[in-house]
Amino acid sequence: MEEQDLAVDDFKRWLGRNDVNTYGVAIENSTTAPHSRGLFTSDALSCANDDVLADVPSRLLISYSLVERISNEGKGVAASRLHACLCDMRRQHGHRFQTKPNRERIYIITFLVWLAYNADQEASEEAGEFWTPSYWRPYYQILPNMERYDTVLLWPTDTLALLAGTDLDTAACAKRQTLRREYEELHACLLKLPLQGDVSWERYLWADQVFWSRVLDLGTAFACEGIASKGDDYHLVPLIDFCNHSFDIQIRWHVAATDDDWKIELRTTNAEPRTFQAGTELFISYGDKPNAELFFVYNFAVQDNPYDSIRVRPPFIEDGMPDDDVKEGHEVETEVADSGLSPLSVQDKIAFMKALDLPSQLELRTVSREEYADDLTKGLLSREALLIMYICVLTADDGFCRVNQQEQQDDIEGPKYTLQDMPIWPATQETFKHFVESLPHFEVIQLRVWAVLLQVVTYRLGMLSEVQVQQHLEEPADDLHAARLSTIQTLRTSAFHLLVDALTLLQELQEQWAELEVVQQYLESMQLAD
């Protein structure tokens, strides 16, 4: 029997010893995800909606509280090394633990590194206790090992270059640098985890990837079910974390209360009774996520992803003004300054976006003419994205200004903005939306949005077209490199289709709005004024 099969059998026995119930499901090699495992039906199953296929007791879930408990209550030598590591981290690098998400992430990553260097040590007389690495060995051994896992953070430069035009190449480099700094800062503390030897950068990368690709955030679920938890959000859930993703799901996870605690269940989602044939892979949904997020976190992309999107920096019109417009802008600035107002700089607009609680990036989503038939942009822009675009294209000529500091009223806190001499107050998204839509030349503002977005989309399409992946796909490659190239092709093709659909839609909108009478009258009045 192969080593991998032995690990699966050992893991199944471990689940049984720890009161994990599996009602006709088992772990097998995935049919859809290369070099990974999935959850399958072991027998033919007839299921109604919300039938329970498996459940895992809370004491098997790996969280901040569990790691803290092992560190503080563990009596073995390995537990003492974990305790020393975490104590040094908190004492020497307390800033890393100031936010709850990062605190929980570092604890679980440290636990995984601790397992990696201690799980194979000889079992002690206390091996049956939860604080010993050997207790968790069956779970560790079934995780993707260093040779089988992949992450974009490990990709060589020439492969990473094939992501050019998607912005994922620069994002990957930025995350790698951030994680590398964290590793180097914590390295001296991490050295306390193994009995001897180093803790490698590759091992820390592995732990980070295992965390992000398998973790469940249960915080909201606890609140919805009224379950008192220990305050942890992030959890690794043995067995359930082997479920692969699909938008066409058959199962979902659910937090359920027990008589004295709680557990995680896998439940069916079919609305009508359904029979699953033996050997059917069962999928959950990781969420309605775009390919960039699926790739960055889970290392895969979905062809024809209906939730795909592209994030870009807001195209502030001030960033692209030609020289003549800049000169005119100085004239406008002099005029508005006399009234105690100032034209908005890019920094002012960013501050206004923050005041309205808008995201810092603009999201372009997949166009769906059927699903968003009543939406002008057919789903391309969310409500928030449209507000961001209004902020980007409005200028002092439209009356969009900032009140000078000395002119601000004492009873209004923070930055004060105006639109056509009316203070935008309270500073909420709804207030700003109402003010913009009340402008007499609102349709002109919309036309400006379509035109600026058209430039953005055209530019992004040009960036994508500069890199050709097809020729690389035709070259001989090992399995790992071939899988990477296939994922890159899926990412680029999906982004290309999204941008082409957006280009077509924006061209249509621009042509339609240019023919509106109010737009033509406004443009004629502007020409006469010049």
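Would you mention how many residues in the stretch 5-26 are closer than 14 Å to Phe40 by Cα and aliphatic (A, V, I, L, M)?
3
With the requirement that a residue be open to solvent by 50 Å² or more (accessible area, probe 1.4 Å) and in contact with a Lys or Arg (Cβ under 7 Å, 6 or more places away or on another chain), what does the stretch 18-36 give you?
Glu28, Asn29, His35
Which condition number does Trp253 fail, the rest of (1) open to solvent by 30 Å² or more (accessible area, probe 1.4 Å); (2) among the hydrophobic types (A, V, I, L, M, F, W, C); (3) more than 25 Å from Pro138 (Cβ to Cβ) being met?
Against the list (1) open to solvent by 30 Å² or more (accessible area, probe 1.4 Å); (2) among the hydrophobic types (A, V, I, L, M, F, W, C); (3) more than 25 Å from Pro138 (Cβ to Cβ), Trp253 comes up short only on (3).
Every residue in the stretch 196-211 that is in a helix (DSSP H, G or I) and either of a type outside the set (A, V, I, L, M, F, W, C) or over 14 Å from Leu154 (Cβ atoms) (or both), please. Give the steps one after another, and end with the answer.
Going residue by residue through the stretch 196-211, those that are in a helix (DSSP H, G or I) are 201-211.
Result: Glu202, Arg203, Tyr204, Asp208, Gln209, Phe211.
Is there a residue being open to solvent by 70 Å² or more (accessible area, probe 1.4 Å), farther than 17 Å from Glu281 by Cα, over 28 Å from the mean Cα position of the chain (by Cα) and modelled with pLDDT of 90 or more anywhere in the stretch 2-14?
Keep residues of the stretch 2-14 that are open to solvent by 70 Å² or more (accessible area, probe 1.4 Å), which gives 2-6, 12-13.
Cutting the leftovers down to farther than 17 Å from Glu281 by Cα gives us 2-6, 12-13.
When the remaining residues are screened for being over 28 Å from the mean Cα position of the chain (by Cα), the result is 2-6, 12-13.
Still in the list and also modelled with pLDDT of 90 or more: 12-13.
Yes, that holds for at least one residue.
Of all residues in the stretch 176-195, which are assigned to a helix (DSSP H, G or I) and either exposed (fewer than 14 other Cβ atoms within 10 Å of the Cβ) or touching a residue at least 60 places away in the same chain (Cβ under 8 Å) (or both)?
Scanning the stretch 176-195 gives Gln177, Thr178, Arg181, Glu182, Glu184, Glu185, Leu186, Ala188, Cys189, Leu190.
List the helices (runs of 4 or more DSSP H) that sit entirely inside the stretch 422-523 and contain at least 3 residues that are of a type outside the set (Lys, Arg), open to solvent by 30 Å² or more (accessible area, probe 1.4 Å) and closer than 28 Å to Lys289 by Cβ.
In the stretch 422-523, the matching helices (runs of 4 or more DSSP H) lie at 442-465, 470-473, 479-514.
Would a scan of the stretch 32-47 turn up a residue that is under 28 Å from the mean Cα position of the chain (by Cα), closer than 30 Å to Ala482 by Cβ and of a type in the set (S, T, N, Q)?
yes
Find all pairs meeting these conditions: Cβ atoms under 7 angstrom apart; at least six residues apart or on different chains; first residue within the stretch 382-395 and at pLDDT 95 or above and of a type outside the set (Val, Ile, Thr); second residue in a helix (DSSP H, G or I) and open to solvent by 10 Å² or more (accessible area, probe 1.4 Å).
Pairs that qualify, where the first residue is at pLDDT 95 or above and of a type outside the set (Val, Ile, Thr) and the partner is in a helix (DSSP H, G or I) and open to solvent by 10 Å² or more (accessible area, probe 1.4 Å), are Leu387/Gln429; Leu387/Lys433; Cys392/Ile317; Cys392/Val452.
Within the stretch 150-158, identify whether any single residue is at pLDDT 90 or above, over 30 Å from Ala33 (Cα atoms) and open to solvent by less than 20 Å² (accessible area, probe 1.4 Å), and answer yes or no.
Within the stretch 150-158, none of the residues are at pLDDT 90 or above, over 30 Å from Ala33 (Cα atoms) and open to solvent by less than 20 Å² (accessible area, probe 1.4 Å).
Hey, does the stretch 117-129 have a residue that's touching an Asp or Glu at 6+ places or on another chain (Cβ under 8 Å), open to solvent by less than 50 Å² (accessible area, probe 1.4 Å) and assigned to a helix (DSSP H, G or I)?
No: zero hits.
Could you please find all residues in the stretch 238-255 being assigned to a strand (DSSP E or B) and farther than 17 Å from Arg37 by Cα?
Arg252, Trp253, His254, Val255
Out of the stretch 62-96, which residues are at pLDDT 95 or above, in a loop (DSSP other than H, G, I, E, B) and either farther than 14 Å from Phe130 by Cα or open to solvent by 40 Å² or more (accessible area, probe 1.4 Å) (or both)?
His93
Looking only at the stretch 216-225, which residues are closer than 19 Å to Lys289 by Cβ and open to solvent by less than 40 Å² (accessible area, probe 1.4 Å)? I'd like the intermediate steps shown before the answer.
So the first thing to find is which residues in the stretch 216-225 are closer than 19 Å to Lys289 by Cβ, and the list is 216-221.
The answer is Leu216, Leu218, Gly219, Ala221.
Return the residues of the stretch 259-285 that are part of a loop (DSSP other than H, G, I, E, B) and in contact (Cβ under 8 Å) with a residue 60 or more places away in the chain; say none if nothing qualifies.
Across the stretch 259-285, the qualifying residues are Asp261, Thr269, Asn270, Ala271, Glu272, Pro273, Gln277, Ala278, Gly279, Thr280.
Give the stretch 452-498 a look and list any residue that's among the small types (Gly, Ala, Ser), at pLDDT below 90 and closer than 15 Å to Gly165 by Cα, or say none.
The answer is Ser465, and nothing else.
Identify the single condition in (1) at pLDDT below 95; (2) under 27 Å from Gln512 (Cα atoms); (3) in contact with a helix residue (DSSP H, G or I) (Cβ under 7 Å, 6 or more places away or on another chain) that Val436 does not satisfy, given that it satisfies every other one.
That leaves (1) as the condition not met.
How many residues are crowded, with 17+ Cβ neighbours inside 10 Å and either touching a Ser or Thr at 6+ places or on another chain (Cβ under 6 Å) or of a type outside the set (A, V, I, L, M) (or both) if we restrict to the stretch 37-59? Break it down into steps so the answer makes sense when it comes.
Going residue by residue through the stretch 37-59, those that are crowded, with 17+ Cβ neighbours inside 10 Å are 37-41, 45, 47, 51, 53-56, 58.
Cutting the leftovers down to either touching a Ser or Thr at 6+ places or on another chain (Cβ under 6 Å) or of a type outside the set (A, V, I, L, M) (or both) gives us 37-38, 40-41, 47, 51, 54-55, 58.
Number of matching residues: 9.
Identify the residue in the stretch 270-305 that is among the polar types (S, T, N, Q) and closer than 18 Å to Leu239 by Cβ and, among all such residues, is surrounded by the most Cβ atoms within 10 Å (Cβ to Cβ). Working first, answer last.
Keep residues of the stretch 270-305 that are among the polar types (S, T, N, Q), which gives 270, 275, 277, 280, 285, 291, 299, 303, 305.
Add one more test, that the residue is closer than 18 Å to Leu239 by Cβ, and what stays is 280, 285.
Details: Thr280: 17, Ser285: 15.
Among them, the one singled out is Thr280.
What do you reckon, is Thr110 at pLDDT 90 or above, more than 27 Å from the chain's Cα centre (by Cα) and farther than 29 Å from Asn29 by Cβ?
no
Could you grab the pairs with beta carbons closer than 7 Å, sequence gap of 6+ or different chains, first residue in the stretch 485-496 and hydroxyl-bearing (Ser, Thr, Tyr), second one surrounded by 19 or more Cβ atoms within 10 Å (Cβ to Cβ)?
Listed pairs, sorted by first residue: Thr487/Phe295; Thr487/Phe300; Thr487/Ala301; Thr490/Ala301; Ser494/Asn291; Ser494/Ala301; Ser494/Asn305; Ser494/Asp308.
So, in the stretch 344-377, of the ones that are part of a helix (DSSP H, G or I) and open to solvent by 80 Å² or more (accessible area, probe 1.4 Å), which residue ends up farthest from Arg460 (Cα to Cα)?
Restricting to residues being part of a helix (DSSP H, G or I) and open to solvent by 80 Å² or more (accessible area, probe 1.4 Å), the top hit is Lys354.
Of everything in the stretch 226-246, what is loosely packed, with under 15 Cβ neighbours inside 10 Å and in contact with a Phe, Trp or Tyr (Cβ under 9 Å, 6 or more places away or on another chain)? Give them in sequence order.
Listed by number, the residues that qualify are Ala228, Lys230, Gly231.
So which residues in the stretch 22-43 are aliphatic (A, V, I, L, M) and assigned to a strand (DSSP E or B)? Reasoning before the result, please.
Start the filter on the stretch 22-43 by keeping residues that are aliphatic (A, V, I, L, M), which leaves 25-27, 33, 39.
Correct list: Val25, Ala26, Ile27, Leu39.
Working carefully through the options Glu73, Glu68, find the one that is acidic (Asp, Glu), over 16 Å from Leu112 (Cβ atoms) and out of contact with any strand residue (DSSP E or B) (no Cβ under 7 Å at 6 or more places or on another chain).
On inspection, the qualifying residue turns out to be Glu73.
The values are calculated or read from the model by the stated rules, or taken from the named source; none is laboratory data. This structure is a prediction, so every number in the text was calculated from the model and none was measured. Note that we place each Cβ from the backbone using ideal geometry, even for glycine, and neighbour counts take in every protein chain shown. Areas reflect the complete protein model, heavy atoms only, side chains present, ligands, DNA and RNA absent. Shrake-Rupley method; radii C 1.70, N 1.55, O 1.52, S 1.80 Å.
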